[in-house]
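The next block holds one structure in the form of structure tokens; read it before the comments.
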Amino acid sequence: ILASRGTRRVGKQWPYRFIQRREELRTRCPRTYDYQRALCEDPDLLSGWFRLFFDTRSKFGILDCDLYNFDETGFMMGVICPSMVVTRTDRRGRGKTVQPGNREWATAIACISGDGFDVPPFLLVKGAYHLANWYSEGGLPDSWAIKPTSNGWTNNETGLDWIKHFDKHTRTRTKGSHRMLVLDGHGSHQSVEFEAYCKDHSIVPICLPPHSSHIAQPLDVGLFSPLKRAYGREIDTFVRAHINHITKV
């Protein structure tokens, strides 16, 4: 049967037309992500980590109120998020949106407990000194902490400062003998000083599997993604109001 059809080749558009003819088929764009992240989705790897998690929690008798999860995320201060606009049908080309362009980096560290308590945020900004207007003009609650660093990123020093901040705000509400802290494997969370402070203050750290934040880190999935979109929309609002200089305040 195939031989009787001759040697004529199908055209370039044949796959697309074939899909259009078949109602049960449709095209979808795959989500791309790093090879290391793909490896960490191995069910055996995740199952092993959850066994470790439950065994550790059982060993120390960790209550929901003493179980914490923390993570950090970074922002480029003057970058807006993509938005959708309505135009006439005869309009050609893609529209343009102006953004402040301030690519100075800032980091926010958030932490929540199993019973819904949120530790006051810890913010990292680029700078050498604390400035008075951060506190007098920023309108931040007194419980929030700001830490200037050379580039706005976290490091061993800020990791130690954060665990002290965490201890300060959770010590008095602890009901069990230990607090358990779920975190990623960033080097600032595994320094000798960080681990020593945890040991001395009855804090049990447990690291997530490497490269698994996109599926195993609830703050990354449920908080930081919408937070970044909301931040981008807020910057877009400033731009539309002709405020084109975004500062730390």
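Here the relative contact order of the stretch 94-204, from alpha carbon pairs under 8 Å that lie six or more residues apart, stands at 22 percent.
Taking a ≥ b ≥ c as the square roots of the Cα gyration tensor eigenvalues, the stretch 110-249 comes out prolate, since a/c reaches at least 1.5 and a/b is larger than b/c. For K147, the residues whose amide H sits under 5 Å from its own are L123, L124, V125, ignoring neighbours fewer than 5 places away on the same chain, with H placed 1.01 Å from N.
Taken as Cα centroids, the stretch 135-155 and the stretch 171-249 sit 14 Å apart, rounded to the nearest whole angstrom.
How high is the FRET efficiency between R21 and L46 when r is their beta carbon distance and R₀ equals 45 Å, given to the nearest 0.05?
In this case the efficiency is close to 0.65.
Near L181, the amide H atoms lying under 5 Å from its own belong to Y68, V204, I206; only residues 5 or more places off or on other chains count, and H is placed 1.01 Å from N.
Among the listed pairs K126/K175; K59/K168; K147/K228; K164/K228; K59/K126, a Cα-Cα separation exceeding 29 Å is found for K126/K175; K59/K126. For C111, the residues 5 or more places off, or on other chains, whose built amide H falls under 5 Å of its own are V119. Placing unit charges on each Cβ (+1 for Lys and Arg, -1 for Asp and Glu) gives the stretch 109-223 a dipole about its Cα centre, and among T172, H211, S188 the Cα reaching farthest toward its positive end belongs to T172. With θ taken as phi - 60° and the Karplus curve 6.51 cos²θ - 1.76 cosθ + 1.60 applied, the whole-hertz 3J(HN,Hα) list for the stretch 123-139 is 10, 10, 10, 6, x, 10, 9, 6, 10, 4, 6, 4, 9, 7, 10, x, x Hz, x standing for glycine and proline. Whole-Hz Karplus values for the stretch 225-240 come out as 4, x, 5, 5, 5, 5, 5, x, 5, 5, 5, 4, 4, 4, 4, 5 Hz, taken residue by residue from phi with 6.51 cos²θ - 1.76 cosθ + 1.60 and θ = phi - 60°; glycine and proline positions read x.
No lab work stands behind these numbers, since they all come straight from the coordinates. Note that the structure is a prediction, hence the values are computed from the model and not measured. Counting neighbours? That spans all protein chains shown, and the Cβs are built from the backbone with ideal geometry, glycine included.
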